[in-house]
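See structure below.
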Amino acid sequence: MTALLLASPARAEDQITVITPDAVRYQADAKALDIQVAVVSDNPEDGFYTLRVKFPQDAETPPHYHPDTRTVTVISGTYYFGEGEIFTANNMQACPPGIIIVVPAGKPHFSWAQDGEVIIHEAGIGPTGVTLANH
């Protein structure tokens, strides 16, 4: 992680931070161990945050929802995305790099990295969390 300083900032949060893809530090997701998550900026528990999420080929997320609206941008791979409380492969949309998906708070959805590794970028305003649908 490299920080660029602008005009002697008074606080650390006034610094511009440039993060290269190889500097992103992923950790296993607590609810889906094959999926890797990195907190890129800020705090998902309080205020604006950004996440980078990496799915290996064939990784799936079960139907779930979040308490906050999330904006998802597909960075690489084809991200298969569906909405609803039941995982249904035939109702998923193939989302290539560059696609942006806005998922409203409380809206059940699911995903699949059917064709290979997928990396997405997520942003929202916390506190956030994950609740499995139908539980």
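The values are calculated or read from the model by the stated rules, or taken from the named source; none is laboratory data. What you see is a predicted model; the values in this text were computed from it and never measured. All Cβ positions, even for glycine, are placed from backbone atoms using ideal geometry, and neighbour counts span all protein chains on display.
Laid out as a table, the results:
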{"quantity": "Residue count, the stretch 93-122 (criterion: surrounded by fewer than 18 Cβ atoms within 10 Å (Cβ to Cβ) and under 20 Å from Lys54 (Cα atoms))", "calculated": "12"}
{"quantity": "Matching residues in the stretch 46-67 - criterion: being touching a Phe, Trp or Tyr at 6+ places or on another chain (Cβ under 9 Å), under 26 Å from Arg25 (Cβ atoms) and surrounded by 16 or more Cβ atoms within 10 Å (Cβ to Cβ)", "calculated": "Arg52, Val53, Lys54, Phe55, Ala59, Glu60, Thr61, Pro62, His64"}
{"quantity": "Which numbered condition Tyr49 misses (of (1) within 11 Å of Glu122 (Cα to Cα); (2) among the hydroxyl-bearing types (Ser, Thr, Tyr); (3) over 11 Å from the mean Cα position of the chain (by Cα); (4) modelled with pLDDT of 95 or more)", "calculated": "(3)"}
{"quantity": "Residue tally, condition part of a strand (DSSP E or B), over 11 Å from the mean Cα position of the chain (by Cα) and of a type in the set (Val, Ile, Thr), over the stretch 58-79", "calculated": "1"}
{"quantity": "Counted residues, the stretch 86-135 - those being closer than 27 Å to Gly47 by Cα, part of a strand (DSSP E or B) and within 14 Å of the chain's Cα centre (by Cα)", "calculated": "16"}
